[in-house]
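Nothing in this text is a laboratory measurement; each read-out follows from the coordinates by a stated rule. Just so it is clear, the structure is predicted and the values come from calculations on it, not from any experiment. Note that we place each Cβ from the backbone using ideal geometry, even for glycine, and neighbour counts take in every protein chain shown.
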C-alpha cells in the first residue's frame, strides 16, 4: 500500500529505468517498464516541465514517442512525486515549473 509522500509503483519503475538509461524515449520507458503508455507520457512530461530532462534530438520533437530525453537532474533513487506540483523526496523540494519561470512566474508551487 502506498504511503503519503510516496510515488506509485509504476512511477518508481519509470524513475528507476530513467536513472539507469540517462538518455531515453517514451517508447523505451514503456517497453522496459511494462507501464501504461499514457501514464508514462504524462509523468515524463511533468518531469520535463519541472526541469529534470533536456530534449536532445531536435528532429524528433514533433513526435512525442520519438523525442529523445536526457536526464539532467538525477536527484536520487526515490521517484519525484507529481501532484499539482513535482515534489522530489530526495532533496525534499518542490520543483518550479521552468516554463512558468520563463514567463515571469517565479513563485514556488
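Between residue 38 and residue 8, the modelled label-to-label distance comes to 1.1 nm, taking each label 7 Å out from Cα in the direction of the beta carbon.
The residue 84 and residue 22 beta-carbon pair, evaluated with R₀ = 30 Å, returns a calculated FRET efficiency of approximately 0.60.
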